[in-house]
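Visitor: Shown below is the structure under consideration.
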Amino acid sequence: MLNLKSIQKMMPYFFKKADDKKPRVKKGHKMQSSSKDTIKRFVSALVVGEWMPCKDVIASTGLTQGTISRAAAHLISDKLISSKVEQEGRCKNVYYRLA
């Protein structure tokens, strides 16, 4: 017979306290965190009122596409930026704009 306390000692991360904050999720999956520096660099590259392609953001910040998409996911969930995807030939280009 299993003892609940012994299970809690083995796997404490399965039993969260009520005061823990809810993890950020996107489409049911837990989101990976982004640093403040990454988010600052990403937002500073965007121009107010204009759509910027991801390629230009990569060139101006020096961040990778994965890092930019992770930071964008956080900012989109907070409704600070908006994004759109346009199909150009065989490529899909992502555009970002400050909301």
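Every number in this text was worked out from the coordinates using simple rules, so none of it is lab data. Just so it is clear, the structure is predicted and the values come from calculations on it, not from any experiment. Neighbour counts are summed over all protein chains in view; Cβ atoms, including those assigned to glycine, are modelled from backbone coordinates with ideal geometry.
Visitor: So how much slack lies between V48 and L80, counting 0.36 nm per residue of separation and subtracting their Cα-Cα distance, in nm? Spell out each step's value before the answer.
Guide: Numbers: separation 32, 0.36 × 32 = 11.52 nm, distance 1.16 nm.
Result: 10.4 nm gained on full extension.
Visitor: What length, rounded to one decimal in nm, is gained on full extension from R90 through to S69, with 0.36 nm per residue of separation minus their alpha-carbon distance?
Guide: Numbers: separation 21, 0.36 × 21 = 7.56 nm, distance 2.00 nm.
In short, 5.6 nm is gained.
Visitor: Over the alpha-carbon set of the stretch 34-99, divide Rg by the Kirkwood Rh and report the Rg/Rh ratio to two decimals. Present the calculation step by step, with values, prior to reporting the outcome.
Guide: Values: Rg = 11.1 Å, Rh = 11.8 Å.
So for the stretch 34-99, dividing Rg by the Kirkwood Rh gives 0.94.
Visitor: Which order do peptides 61-71, 39-49 fall in by mean Cβ count within 10 Å, highest first?
Guide: 61-71, 39-49
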